[in-house]
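First the structure, in the form of structure tokens, and then the observations on it.
The values are calculated or read from the model by the stated rules, or taken from the named source; none is laboratory data. All figures in this text were calculated on a predicted structure; none of them were measured in a lab. Here the Cβ positions follow ideal geometry from the backbone for every residue, glycine too, while neighbour counts run over all protein chains shown. These area figures cover heavy atoms from the full protein model, side chains too; ligands, DNA and RNA do not enter into them. Shrake-Rupley method; radii C 1.70, N 1.55, O 1.52, S 1.80 Å.
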Amino acid sequence: MTTPLPLRGVSELERRGLRDRVYDLILAMLLEGDVEPGSRLSIDTLAKQLDVSPTPVREAMVQLERTGLVTREALKGYRVAPPLGPDQLAELFEARMMLELEAARLAGPRAEALVPELRRAHATHEACADRIVAAMVRGDVPVSVTRDYFEADNAFHRRIFAAAGNRYLLAMHSDLGALTHRLRQAVLRGTSDVEEAHAEHEAILHAFERGDAAGAVEAMRAHIEGVRARSIGEERAAR
């Protein structure tokens with residue numbers, strides 16, 4: 001249990017830091033499936049659980065609503081968003097395709113600075129992929145292993161967005177990323193696109209290593225198309 005952190009008398013920077021920590025905690029709860037879709041999210045209850053005032057929880061919920069992970073009903077408050085339908089899935093991947101290709105294009109001229117960071121991110125993703133495959137062979141995939149894998153996957157993409165040098169693209173990626181990974185965690189129970197995703201990441205990395213900006217964009221296109229095909233196929237199988 002954390003020590004209560006009242007907002008009165010704290011600086012704007014401290015208040016923003018508190019809000020971000022609360023956001024991260026609630027986001028983790030949603031991504032790990034601790035609450036069922038449609039469940040009510042009481043601001044007062046969450047504030048008590050996190051040992052903070054309701055204000056940073058309310059601010060975090062406003063942020064989460066923008067990601068699509070929670071919905072708000074007038075006079076009723078917030079609920080965990082229901083699973084994405086086929087039309088929403090299609091729109092999500094259209095948006096991802098536009099953002100990811102533009103980020104890869106903008107990152108191309110900065111490949112020399114990007115490559116060392118991307119190699120490290122790829123190595124971390126590979127290690128997490130090995131752990132999740134081993135867990136799947138055993139027939140027991142802990143939530144923490146799944147979470148680490150998706151965090152490493154996201155970190156690889158985030159390196160490219162950071163290299164693109166556009167703060168608004170980076171913010172949009174963060175919003176869509178949470179929704180995408182929640183979807184994938186839901187549909188990848190018992191199946192996996194781990195090996196395919198790892199190979200696709202490797203192709204993106206190799207293109208940047210060669211200084212092939214156009215090749216990096218096309219490798220990214222192939223990756224997003226692969227993720228979309230696997231996710232939609234698994235979502236249909238889960239219904």
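Any residue at all in the stretch 131-151 that's at pLDDT 90 or above and either within 20 Å of ILE224 (Cα to Cα) or of a type outside the set (A, V, I, L, M, F, W, C) (or both)?
Checked against the condition, which is being at pLDDT 90 or above and either within 20 Å of ILE224 (Cα to Cα) or of a type outside the set (A, V, I, L, M, F, W, C) (or both), the stretch 131-151 yields at least one hit.
Pull up the stretch 51-83, narrow it to residues that are open to solvent by 70 Å² or more (accessible area, probe 1.4 Å) and in contact (Cβ under 8 Å) with a residue 60 or more places away in the chain, then point me to the one that is nearest to GLY177 (Cα to Cα).
Filtering first and then ranking leaves ARG66.
Each row is one residue, and each column tells you yes or no for (1) in contact with a His (Cβ under 9 Å, 6 or more places away or on another chain); (2) at pLDDT 95 or above.
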position	(1), (2)
ASN154	yes, no
ASN166	no, yes
LEU183	no, no
HIS206	no, yes
ALA222	no, yes
SER231	no, no
GLU235	no, no
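Residue pairs, Cβ under 7 Å, 6 or more apart or interchain, first in the stretch 104-116 and open to solvent by less than 100 Å² (accessible area, probe 1.4 Å), second not in a helix (DSSP H, G or I). List them.
Listed pairs, sorted by first residue: LEU106/GLY165; LEU106/ASN166; ALA111/GLY211.
Here is a yes/no grid of residues against (1) modelled with pLDDT of 90 or more; (2) small (Gly, Ala, Ser):
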residue	(1), (2)
TYR23	no, no
ARG40	yes, no
ALA60	yes, yes
TYR78	yes, no
LEU89	no, no
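If GLU32 satisfies every condition in (1) within 21 Å of the chain's Cα centre (by Cα); (2) at pLDDT 70 or above but one, which is the exception?
Only one criterion in (1) within 21 Å of the chain's Cα centre (by Cα); (2) at pLDDT 70 or above is unmet by GLU32, namely (2).
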